[in-house]
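In what follows, a structure is listed as structure tokens, so that the remarks can point back to it.
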Ligand code: ATP
């Protein structure tokens with residue numbers, strides 16, 4: 001069993017509260033991704049699990065055993081860093097076997113494990129090369145190989161793909177997902193890249209200012225964000241937020257744009273929202289369509305054609321930010337022309353003045 005349990009874990013550096021009272025359990029064999037903006041505390045949380053950072057208060061358990069006073073080397077974990085931290089003078093095979101050599105493992109045993117890990121990572125042909133003779137992606141695979149040979153109970157990844165270009169990142173993402181299926185080991189992965197989080201995670205934990213703001217399955221978080229922060233963080237292109245006013249009309253609530261009072265939509269769904277209050281309507285760019293009439297009036301200010309899809313940026317009178325619309329294909333769209341747009345009320349997220357989701 002290699003579950004990881006955090007009980008009321010906090011970390012302060014002087015006056016900075018990097019992690020505040022985090023409690024969560026990572027189940028055996030689960031792939032959990034910690035995600036959040038720069039400085040939210042995700043690396044510190046991972047480093048406390050690794051034993052590279054002490055906890056200021058609370059407790060870290062791995063496999064049910066308290067770990068606060070256990071050295072990093074004795075926690076049964078292996079960590080993969082963003083900077084691959086390979087030894088430049090050693091070959092790939094020596095780099096991968098180094099930790100085992102330090103543990104006094106027999107040479108034949110080391111060789112066997114290195115060859116096994118090299119096969120998993122498709123590094124067989126490269127075992128005698130030096131790190132400088134490898135591409136970035138190959139170096140990162142060696143760094144992962146070095147973790148695999150130790151057969152850890154838990155893998156910890158700290159932004160392992162950030163130094164790679166977009167293509168390689170996508171390839172390595174697939175490799176890491178395959179690795180998890182093959183090794184069936186608990187993995188905790190830190191990233192600020194929401195695509196990595198969405199595609200790799202069994203469960204995403206979203207952090208902001210040292211706290212967990214929401215956790216759950218990737219698509220659940222995407223479809224039912226608890227607040228504006230999560231809604232804006234997950235999903236590419238980013239969700240649009242339209243400042244709105246809400247009025248009660250009979251048993252429905254009608255929303256209008258705060259800027260110019262254009263009607264947005266009305267709904268009979270139960271919402272936790274004070275009547276007459278202000279709200280923000282969140283709509284994803286792919287949930288918006290252009291219509292002939294009865295939509296919200298806007299002007300096209302920019303068009304980005306991406307091949308399969310196109311992004312239109314619309315200016316609405318009085319609204320400071322542009323509205324992003326994602327359309328399939330190559331729609332005829334001219335900068336400067338007037339258009340109307342709409343969205344299905346079912347695709348609208350309603351957030352109250354504090355940014356909380358108003359869904360009941
Ligand atoms: P990034 O994505 O930029 O790496 P992060 O979410 O991983 O950010 P952390 O590195 O965990 O964030 O840092 C959380 C907070 O703690 C930040 O405000 C950071 O400046 C602070 N911090 C981290 N390590 C230290 C340290 N050794 N001494 C002082 N402050 C630190």
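Hey, any idea what the orientation-averaged projected area of the convex hull of the stretch 151-235's Cα atoms comes to, in nm²?
Values: hull surface 24.4 nm².
The number I arrive at for the stretch 151-235 is 6.1 nm².
Rounded to the nearest Å, what's the spacing between the alpha carbon centres of the stretch 51-65 and the stretch 314-360? Just the number, please. Result: 45 Å between the Cα centres.
Among 331, 243, 285, the largest mean-square fluctuation in a Gaussian network model of the chain (Cα springs under 10 Å) belongs to 331.
Arrange the peptides 178-191, 5-18 so that the one whose residues have, on average, the most other Cβ atoms within 10 Å appears first.
Details: 178-191: 18.7, 5-18: 15.2.
For the peptides 178-191, 5-18, the packing ranking is 178-191, 5-18.
Start at zero, step by 5 Å, and the Cα-Cα distances of the stretch 48-173 spread as 2, 11, 20, 20, 19, 13, 9, 5, 1, 0 percent across the bins.
Between the stretch 103-120 and the stretch 216-286, the C-alpha centres lie 55 angstrom from each other.
For the peptides 154-163, 222-231, 311-320, the ranking by packing is 154-163, 222-231, 311-320, with the highest mean count of neighbouring Cβ atoms within 10 Å listed first.
Sorted from greatest to least, the principal axis extents spanned by the alpha carbons of the stretch 240-351 come out as 43, 25, 22 Å. Taking the average, over residues, of other Cβ atoms within 10 Å as the packing measure, peptides 164-175, 200-211, 94-105 rank 200-211, 94-105, 164-175 from highest down.
Just to check, using Stokes-Einstein with a Kirkwood Rh over alpha carbon pairs, what's the diffusion coefficient of the chain at 4 °C and 1.567 mPa s in µm²/s?
Values: Rh = 23.1 Å.
My calculation gives 56 µm²/s for D.
May I ask for the percentage of alpha-carbon pairs in the stretch 21-110 that lie more than 16 Å from each other? Present the calculation step by step, with values, prior to reporting the outcome.
On the way: 2614 of 4005 pairs.
It works out to 65 percent of all Cα pairs.
Would you mind telling me which residue in 293, 193, 28 has the biggest mean-square fluctuation in a Gaussian network model of the chain, where springs connect alpha carbons within a distance under 10 angstrom? Ranking 293, 193, 28 by mean-square fluctuation puts 293 first.
Here, each number is a calculation from the coordinates, and none is a lab measurement. Just so we're clear, the structure is a prediction, and the values are computed from it rather than from any experiment. Reconstructed Cβ throughout: ideal geometry from the backbone, glycine too, with neighbour counts over all protein chains shown.
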